[in-house]
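Some notes on the structure that comes next.
The values are calculated or read from the model by the stated rules, or taken from the named source; none is laboratory data. Computed from a predicted structure; not experimentally measured. Don't worry about glycine lacking a Cβ; one is built from the backbone with ideal geometry, like all the others, and counts go over all protein chains shown. Note: areas computed on protein heavy atoms with side chains; ligands, DNA, RNA excluded. Shrake-Rupley method; radii C 1.70, N 1.55, O 1.52, S 1.80 Å.
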There are 4 protein chains.
Amino acid sequence: MVIVIQCTDKVGLVATISGLLQQQELNIVSMREHVDGIQNRFFARVEISKTIDAQILEMQLKAVLPPDAQVIVNPNPVKKILVLVTKEYHCLSDILIRNHFNTLGAEVLGVIGNHPTLEDICRRFDMPFHLVSHEGISKEEFEANLSNAVSKYTVDYIVLAKFMRILSPSFVERYPLQIINIHHSFLPAFIGANPYKQAYERGVKLIGATAHFVTNQLDEGPIIAQQIISVNHSFTTADMVKAGKEIETAVLANALQLVFDDKVLVYQNKTVVF
Amino acid sequence: MVIVIQCTDKVGLVATISGLLQQQELNIVSMREHVDGIQNRFFARVEISKTIDAQILEMQLKAVLPPDAQVIVNPNPVKKILVLVTKEYHCLSDILIRNHFNTLGAEVLGVIGNHPTLEDICRRFDMPFHLVSHEGISKEEFEANLSNAVSKYTVDYIVLAKFMRILSPSFVERYPLQIINIHHSFLPAFIGANPYKQAYERGVKLIGATAHFVTNQLDEGPIIAQQIISVNHSFTTADMVKAGKEIETAVLANALQLVFDDKVLVYQNKTVVF
Amino acid sequence: MVIVIQCTDKVGLVATISGLLQQQELNIVSMREHVDGIQNRFFARVEISKTIDAQILEMQLKAVLPPDAQVIVNPNPVKKILVLVTKEYHCLSDILIRNHFNTLGAEVLGVIGNHPTLEDICRRFDMPFHLVSHEGISKEEFEANLSNAVSKYTVDYIVLAKFMRILSPSFVERYPLQIINIHHSFLPAFIGANPYKQAYERGVKLIGATAHFVTNQLDEGPIIAQQIISVNHSFTTADMVKAGKEIETAVLANALQLVFDDKVLVYQNKTVVF
Amino acid sequence: MVIVIQCTDKVGLVATISGLLQQQELNIVSMREHVDGIQNRFFARVEISKTIDAQILEMQLKAVLPPDAQVIVNPNPVKKILVLVTKEYHCLSDILIRNHFNTLGAEVLGVIGNHPTLEDICRRFDMPFHLVSHEGISKEEFEANLSNAVSKYTVDYIVLAKFMRILSPSFVERYPLQIINIHHSFLPAFIGANPYKQAYERGVKLIGATAHFVTNQLDEGPIIAQQIISVNHSFTTADMVKAGKEIETAVLANALQLVFDDKVLVYQNKTVVF
């Protein structure tokens, strides 16, 4: 079982938490703790070996921790997720393969696309695919349709696997720190459209990708993971896009695994990744 | 011997170059060639096994290549360089060590600092150090003093090894593609002052450094090399600065080696690195 | 079109090749050349912009090059491949996805497995799967059945995507430099079975994977690509296996792309990768 | 202050430790804990914000922990070290520079070389250099002289910065887990002499370096850090040696920083690196 805690820091928090666990004869298999000295914020992730009643332990921990404590005991071990896509296959396919072979650490309930392109690959994995087209309708209408489609599912996370539409503030607010995006660039570089063309023109020697939680500041949510790949003068913009897809797939897979293992805690606009 | 060529592309350039070399019984040890199809530009670097008269071969090559051809045969095998510094020791020390043990691929003629901090380390290597202080004088006066100090040397390259003053356009123009800077960030990210503080606040998971030629656009000259290092939530701004110094040292050393080996060709604002 | 050449080195080879191309008004888009000074061996890969008769150009080139020259003009732009597997899905799935979306740079004609485990994933991509079981029969009989199954296809390459049987010398000899294997370790480290257990017990901080051509020396064929991934004390053997699968998938994908783009030349037991 | 603990694992260790710290109003700034489930071993590193009497706290902790507990409170914040060298300058120079600018996290008391080559660089940093030549004397005599030279210093660690002599078992036993070596290869690959020649002949695409504690099994002590660098067909053995030196310098610097920050715990033949 996993326990995830964050609260205002004070002396004795580790003693308080571990003392309570000891009373119940719970052995700590692994414990990671971090104090952000500037924010005066305490973060912990504890793995214990036995399985006990999560709700009771959660209440017990809250009773002894500072009033602002966020305590989650045994967060859903298998997260339920929705995947939103447009036309690009690489991230979705990687997720579908891992889901199919039960190594994703989550269960994909369905896929929503604003293009029909990826319906076929979903069908091949018996995965429900919902087309919510944005064509010929207003942005508001599209969003209403999208919200409608999403709300049919109860999910822990929504993964934007190269979903090329910007979500409205009200949509994002309904899923706080539950929407994960893969950004086709090395944030904060080359924000906005066509980052690989920008990268090509700048003559960079590295390109990157960033997986982050979505907030209402475009491409500015808490960063979960970043990776880079080397490029050189022989790369055309198309070659950079191709190399970028490889790194996008890898960094999203890495970020999802961290999130699904409850290793990512968020405070303000930053993540603690245990 | 090394031959470096760039010119407008046309059919038969490799045949022309290699034919001329063959006539003179010169064996090609290694050849790298690149055509930028968008710019219609040809780049080549050829290593030949024999040593012959560079000036004659240069003239012979120019005679058979397009009129805009830049041909350099046997560029100074040991470059002469000046190093400009402020207070930070890491890049300068690395350069002094390599220079001392003859593995820099260049000869450091002297060091100019706008602070006296690094005079001692230069003295330990019997390296001339010139203090050109910027304190108590105008920007113009400082630059005049700096130009004066620099102009006493005939150098192939000026290396800004954490030199924290901005050079004037007229200074930069006097040394076209001869000034190499190490930038404390992953260009184009976090341009300007305090990039590590910006990186800390953004919660990035990677920080980088960029070595580039200096042009009159701040931090915007042709990129020679870039590297990154992983960071995480436990890094304070000070930790990021420390990690940044490691990567700055490494990427500058790497870029200098490429430049000193005549492996870097520049066109427009980009480099071809063979 | 691509031209791949290797032969004994002598003065003027680049001139000879490029001169011949120039006569035919063929523009060189990119050229990579390498001379192994110890082996006295010349390697080149040339991309030209026009499409012409490959067989004629091949003959013309052979006529002017040393007698031992291997010249391939326009090797099959889309290679035909067979994939051999056992039970692990990660490499095969990655190949099937890329094949399905036409980004593999090759066409998978079929999959042969010695276990039925991966039949289902093949079926989902309408990919022929042939079960050639090794159970209850002799090694010789198994190999005969395997040879029989393979020989029904005319292929450029056979990819061992976690195929856990050792191929006989006679099988390997029939497909010289056509069989590509992904090795679950960082060669030459931990040769043989259970490398991750060995790596765990040795307490290594990096694990790797190696893609190589198969020769009749176990795990000793020419190396095409290698990559590593960081591990630490918190990794169990199972965690190392999991991390290893990620890197195996990545390095095999990388190696296949290089091979399918005709960028890998082999001489003796080593590769030149342009 | 830093507290480093390892002992047999049992329920409640974190509670015991943190409870004791809380009683004394000591705030935990950071805590890393690891349990090796196979060895049933508990490891912890705790940073606390106040400075108190180390000896008393050590006794208090030992009193409440299992009898086999190793507890070190506030290990020497500035370690004293000796550096042993032969002829190669790269690792020693890096250490001397960091030592000179007080960023090594340790104080170099002296350097012992079995060749006079590096005396000059030491002298430039006012660093005592002792020549203990191995020439013209027996292995035993050399070792006696070396032991004698070393024993004049009281040190926390002995760093073998490219020291090319093998230390005798009795020497190694006198400094258990206090001798750190940089190995010119990616362990366990290419054990023994001339690893770069072996690497060249094998045609590897990566070379590495390993920093490890020295035990009486050659190149087999607990690994602290490992890094790799990419190489390719154009690298001669000499180029590999040169690239290897870069990575040796980097990985030794990294390992030393970890050790000097008391982040490396050793059990059996493996390290826990917090």
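Between D:K139 and D:E107, what is the FRET efficiency for a Förster distance of 30 Å, r being their Cβ-Cβ separation, to the nearest 0.05?
Rounded to the nearest 0.05, the efficiency is 0.45.
Ranked from shortest, the separations from the 7 Å Cα-to-Cβ label point of B:N76 to its equivalents in the other copies are 4.6, 5.5, 6.6 nm. Near D:L160, the amide H atoms lying under 5 Å from its own belong to D:L84, D:I180, D:N181, D:I182; only residues 5 or more places off or on other chains count, and H is placed 1.01 Å from N.
Couplings 3J(HN,Hα) of segment B:228-238, computed from phi: 10, 9, 6, 10, 8, 4, 7, 7, 7, 4, 4 Hz, in residue order, whole Hz [Karplus 6.51 cos²θ - 1.76 cosθ + 1.60, θ = phi - 60°; x for Gly and Pro].
For segment C:42-163, give the percent of accessible area contributed by carbon and sulfur heavy atoms, probe 1.4 Å, rounded to a whole number.
Values: 2730 of 5400 Å².
Accessible surface attributable to carbon and sulfur in segment C:42-163 totals 51 percent.
Calculated on the Cα set of segment B:2-74, radius of gyration then Dmax: 11.5, 35 Å. Working from Cα pairs under 8 Å separated by at least six residues, relative contact order for segment A:79-273 is 19 percent.
Candidates B:S234, B:P169, B:N102 compared by Cα position along the dipole of chain B: farthest toward the positive end lies B:S234, with charges placed on Cβ. Averaged over peptide D:19-29, the number of partner chain Cβ atoms lying within 10 Å of each residue's Cβ comes to 4. Shape verdict for the protein assembly as shown, please, from the Cα gyration tensor: rounded (a/c under 1.5), prolate (a/b greater than b/c) or oblate. Because its axes are fairly even, with a/c under 1.5, the protein assembly as shown counts as rounded.
Once C-alpha pairs closer than 8 Å and six or more residues apart are averaged by separation and normalised to the residue number of segment D:2-74, the relative contact order reads 47 percent.
Annotation: lysines with alpha-carbon distance below 19 angstrom to B:K152 (same-chain offsets under eight excluded): B:K79, B:K80.
Ligands, DNA and RNA excluded, the heavy atoms of B:S230 present near 80 Å² of accessible surface to a 1.4 Å solvent probe. Along segment A:48-62 the Karplus relation, 6.51 cos²θ - 1.76 cosθ + 1.60 evaluated at θ = phi - 60°, assigns HN-Hα couplings of 10, 7, 9, 9, 10, 5, 5, 5, 5, 4, 4, 5, 4, 5, 4 Hz to successive residues, with x for each Gly and Pro. The C-B contact accounts for approximately 1500 Å² of buried accessible area, totalled over both chains at a 1.4 Å probe radius.
For the pair segment C:197-256 / segment D:225-256, the C-alpha centres are spaced 19 Å from each other. Within the listed set C:I48, C:I158, C:I95, the Gaussian network model of chain C (springs between alpha-carbon atoms below 10 Å) gives the highest mean-square fluctuation for C:I48.
Taken as Cα centroids, segment A:137-185 and segment B:109-126 sit 58 Å apart, rounded to the nearest whole angstrom.
Specify whether the C-alpha gyration tensor of segment A:79-273 places it in the rounded, prolate or oblate class, a ≥ b ≥ c being the square roots of the eigenvalues: rounded for a/c under 1.5, otherwise prolate if a/b is larger than b/c and oblate if not. In terms of gyration-tensor shape, rounded. Prolate is the label for segment B:6-124. Its Cα gyration tensor axes, ordered a ≥ b ≥ c, give a/c of at least 1.5 and a/b above b/c. Summarising the rotation from chain D to chain B, the nearest chain D beta-carbon to the axis and its distance in Å are given as D:R124, 2. Pairs from the list A:K205/B:K270; C:K87/C:K270; B:K197/B:K245 with a Cα-Cα gap above 21 Å: C:K87/C:K270. Rounded to whole numbers, the Karplus 3J(HN,Hα) couplings from phi for segment D:222-227 are x, 7, 9, 8, 9, 9 Hz, using 6.51 cos²θ - 1.76 cosθ + 1.60 with θ = phi - 60°, and x at Gly and Pro.
With every protein chain in place and a 1.4 angstrom probe, the accessible-area ranking of A:M127, D:M59, largest first, reads D:M59, A:M127.
In this structure the amide hydrogen of B:S30, modeled in the peptide plane, comes within under 5 Å of the amide hydrogens of B:E47, none closer than 5 places in sequence on its chain. Note on B:S151 and B:Q55: the extension gain reaches 32.0 nm, defined as 0.36 nm multiplied by sequence separation minus the Cα-Cα distance. Positive contributions from Lys and Arg (+1) and negative ones from Asp and Glu (-1), summed over other residues with Cβ under 13 Å from the Cβ of B:F260, come out at 0. Amide H contacts of C:K270 (H built 1.01 Å from N, in plane; Pro and chain starts excluded): no residue 5 or more places away or on another chain comes under 5 Å. Summary for D:E25: label point 7 Å along Cα→Cβ; distances to the equivalent points in the other copies, ascending, 3.8, 9.1, 9.2 nm.
The contact residues of segment C:73-98, meaning those that lose at least 40 Å² of 1.4 Å-probe accessible area when all protein chains sit together rather than their chain alone, are C:Y89, C:I97, C:R98.
Shown for C:Q268: label points 7 Å from Cα along the beta-carbon vector, and their distances to the equivalent points in the other copies, 4.1, 4.3, 5.9 nm in ascending order. For C:T8 and C:S170, a Förster radius of 30 Å and the Cβ-Cβ distance give a FRET efficiency of 0.50, rounded to the nearest 0.05. Taken per residue, the accessible surface of the protein assembly as shown reaches 40 Å², heavy atoms only and a 1.4 Å probe.
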